[in-house]
Amino acid sequence: MRPTVDGDATPVPTSLLSVLVSWRSTASLDAHAVLLTAGGRVRSARDVVYFNAPRHPSQAVTVDQDPHPGTARLSVSLPRTEAEIVRILITGSGADEPLAALPGLAVSVEDAEGLVARADVAAEPGAWAAVFGEFRRAEDRWWFVRGGPQHAGAADLFTTFGAAVSESAQHRSQRLSLHRNSFATPMPPPPDERPDWHPDPTDAASLRWWDGSRWTEQTVARPPSDPRACPRCGRRRGWRLLGAAPCRACAAEVEDYLSGWRTRALRVLTTTGPSGPDWDELWTRIRRQRIDPDTARAALRGPAVAHLERMAAFALADGTIGGAELERFDATVAALEVRDAAVDELRRSLRRLRILSRLRAGELPVIAVPDLHLDPQERVHLDTAATRIRRSGRGAQASPGRLICSNRKLRFIGPDAGIEIPWARAVSVAASETGVTVAATSARGGAEFDVDEPELVAAIVEGALRVAKRLTVAPGRRDSRSIAPDIKAEVWHRDGGRCVECGATHYLEFDHIIPLSRGGATSAANLQILCRGCNRDKGDHI
Ligand SMILES: [Zn+2]
Ligand SMILES: [Zn+2]
């Protein structure tokens, strides 16, 4: 069908034309142009020429980006217009106010000789965007046709002609951007689908934000590979090679951003730990701000170590470490990528206590003892050098030998004589600084041994005793040493997460001010935070 021209059309020369949109106020207006095929639609978003894409690829239409106040200007080259294009709409949208707030709004078209066409725009109430007029190819020449539909906003207007506009442009702020590719082939997702800036499939010079499930409208310039350029904002920084460090402006921005981010990160760390949606969201924010993750981790390091000290103190407080507690600690260390001697030490002590906890609970090794005659179905868990201590009125008598712990009994084999304590006769096991003491049903049935690793030996003996007596460590059952989490939190907070004696912040322990053995309660009032050193000193003097 041949396009037709209605009565309100003026023939224009097929030449380079200047289109001036003018109004009598200081308000601003953005002028744009939409190039349409005979179907009345754009071929792609590239057929919309506007401030973010001020020049049509064919060079037929350019938006002047630096117009005088009260004006907006486009240049339209009809000879350069592709054959497919039969209409060029001259459109505009109010930047801060609706069109009705721009008095004297008019469009004039000039060629080299002067004015060739003019149209006044009568803005409808509520219209923020309008087609002011259009160039139309008909009857083998170009015409300027006055007027056109008015819209609530630019997004609305462009959508009418088949150009998709981002949601952020739907409100009146006209800082819009177009889905460059939304009606061509859909953009493929990036290879790594976590939210990040990825190379923009439609523009090699840009990065586009992928939100984890779809491409968004946000693009940023791709940082140049030039080592003199800031890797974050791309600005050139003179001749000095600064490696990957951001420019001073970016560094200040990053620091500012991280101070708020750190507070948030600590809250997430304390409440949900270093995994899950909240944690992921934190790191998405870092990528979104184009902050080097190492910089963010460095910012988090101090608080992270303090957090790990707290975790360790809480976990160690009841003298046992569950597998979940250890995993959580390790996951936190890994997620934060903390490399720190203090943290390594905490980790070692947690691990050690975890091993002791498992032994005490009856998860015992079985070892071969070829030189020992065993009872049927007897299995040996420990065979270690030990010194038996016998105390009497005349003092202590020490005899060296072997301590062997099995599922049936505890044996001590000395050079002259030995003893056997069947589990039925044993009552409890305790570790001291130098050895272990086994209490028995009769006062004389017990025994005391010095060993190299009292805690380890005591844990194995206790485990064997538990298994033999079918005493399991009931889950959820607290012994008197265990401190309820809210009491731990209260004491930690009250003492400021540091040793009340010396102020140290490393390897902290919950200490019973009046010991449990002397009837001290497991209450906030009777608990305090001590560092390991101060706690040992206290033990020596009590
Ligand atoms: Zn920068
Ligand atoms: Zn201390």
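Each reported figure results from applying straightforward, stated rules to the coordinates on display, with no laboratory input. Bear in mind that the values here come from a model prediction, so they are computed numbers and not experimental data. Cβ sites come from the backbone with ideal geometry, for glycine too, and all protein chains shown count toward neighbours.
In whole Å, what is the distance between the alpha-carbon centres of region 275-351 and region 380-443?
For region 275-351 versus region 380-443, the Cα centre distance is 42 Å.
Under the definition of Cα pairs under 8 Å and six or more residues apart, what whole-number percent is the relative contact order of region 282-385?
23 percent
If r is the Cβ-Cβ distance from Arg351 to Ala396 and R0 is 35 Å, what FRET efficiency results, to the nearest 0.05? Can you show the working numbers first?
Working: r = 34 Å, r/R0 = 0.99.
Step by step, r from the Cβ atoms, then E = 0.50.
Taking Cα pairs under 8 Å and at least six residues apart, what relative contact order does region 388-455 come out at, in percent? List each step's numbers first, then the result.
Values: 123 pairs, mean separation 16.1, N = 68.
With pairs under 8 Å counted, the relative contact order is 24 percent.
Please state the shape class of the chain: rounded when a/c is under 1.5, otherwise prolate if a/b exceeds b/c and oblate if not, all from the C-alpha gyration tensor. Each step should come with its number before you reach the end.
On the way: a/c = 4.36, a/b = 3.68, b/c = 1.18.
Since a/c reaches 1.5 and a/b is larger than b/c, the shape of the chain is classed as prolate.
Exposed loop sites here are trypsin sites (Lys or Arg not before Pro) in DSSP loop states with at most 11 other C-beta atoms within 10 Å. What is the longest stretch of the chain lacking them?
Working: sites that count: Arg24, Arg214, Arg240, Arg339, Arg394, Arg470, Arg477, Arg478.
Between exposed loop sites, the widest span is 25-213.
Sum -39500 (n - 2.57) across every DSSP H segment of at least 4 residues in the chain, then divide by the residue count to get the 222 nm mean residue ellipticity, nearest 500. Before the final figure, lay out each step's value.
Working: 9 runs with 136 residues, N = 542.
Taking each H run of at least 4 residues, the total per residue is -8000 deg cm²/dmol.
Relative to the longest principal axis of the chain, what angle (0 to 90°, nearest 10) does the C-alpha long axis of helix 248-271 take?
50 degrees
Can you tell me the orientation of helix 293-316 relative to the chain, as the angle in degrees between its alpha-carbon axis and the longest Cα principal axis, to the nearest 10?
The angle comes out near 30 degrees.
Whole-Hz Karplus ³J(HN,Hα) for region 519-535, in order, using 6.51 cos²θ - 1.76 cosθ + 1.60 and θ = phi - 60°, x for Gly and Pro?
x, x, 8, 8, 10, 4, 5, 9, 10, 8, 9, 10, 6, 4, x, 5, 5
If I take every Cα pair under 8 Å that is 6 or more residues apart in the chain, average their sequence separation and divide by the length, what percent do I get for the relative contact order? It would help to have the intermediate numbers written out before the result.
On the way: 1008 pairs, mean separation 41.4, N = 542.
That works out to 8 percent.
Quick check: the angle from helix 485-494's long axis to the longest principal axis of the chain, C-alpha only, nearest 10 degrees?
Roughly 80 degrees between the two axes.
If you place +1 on the Cβ of every Lys and Arg and -1 on the Cβ of every Asp and Glu, how big does the dipole about the Cα centre of the chain come out, in debye to the nearest 20?
Values: 71 positive and 68 negative charges, 331 e Å.
Computed charge dipole of the chain: roughly 1600 debye.
Please arrange Ser28, Ser213 by how many other C-beta atoms lie within 10 Å of their C-beta, fewest to most. Working shown, then result.
Numbers: Ser28 16, Ser213 8.
With the fewest neighbours first, Ser28, Ser213 line up as Ser213, Ser28.
As a footprinting exposure proxy, order Val438, Val333 by other Cβ within 10 Å, with the fewest listed first. Don't skip to the answer; put the middle values down first.
Numbers: Val438 24, Val333 21.
Final ranking by Cβ density, sparse to dense: Val333, Val438.
If neighbour count is taken as other Cβ atoms inside 10 Å, put Cys247, Cys233 in order from fewest to most. Intermediate results must be reported in sequence, preceding the final value.
On the way: Cys247 19, Cys233 16.
Ordered by Cβ neighbours within 10 Å, fewest first: Cys233, Cys247.
Roughly what would the spin-label model give for Glu337 and Glu501, points 7 Å off Cα along C-beta, in nm?
3.9 nm
Rounded, prolate or oblate: which fits region 494-542 when a ≥ b ≥ c are the square roots of the eigenvalues of the alpha-carbon gyration tensor, with rounded for a/c under 1.5 and prolate only if a/b beats b/c? Don't jump to the answer; show the numbers that get you there.
Details: a/c = 2.64, a/b = 1.31, b/c = 2.01.
Because a/c hits 1.5 or more and a/b fails to exceed b/c, region 494-542 counts as oblate.
Quote the FRET efficiency, to the nearest 0.05, computed for Ala484 versus Thr272 with a Förster distance R0 of 22 Å and r equal to the Cβ-Cβ distance.
Working: r = 21 Å, r/R0 = 0.94.
Here the calculated transfer efficiency is 0.60.
Residue by residue through region 459-469, which ³J(HN,Hα) values in whole Hz follow from phi under the Karplus form 6.51 cos²θ - 1.76 cosθ + 1.60 (θ = phi - 60°), with glycine and proline marked x?
So the J values, rounded to whole Hz, are 5, 5, 5, 4, x, 5, 4, 4, 4, 4, 8.
Sequence neighbours fewer than 8 away in the same chain don't count; with that in mind, list the lysines whose C-alpha is under 24 Å from Lys409.
Lys469
Using just the alpha carbons, could you tell me how many Å³ per residue the convex hull of region 396-542 encloses?
141 Å³
For region 65-73, just list the computed ³J(HN,Hα) in residue order, Karplus coefficients 6.51, -1.76 and 1.60, θ = phi - 60°, integers in Hz, with x standing in for Gly and Pro.
Here the 3J(HN,Hα) series is 8, 9, x, 5, x, x, 9, 9, 9 Hz.
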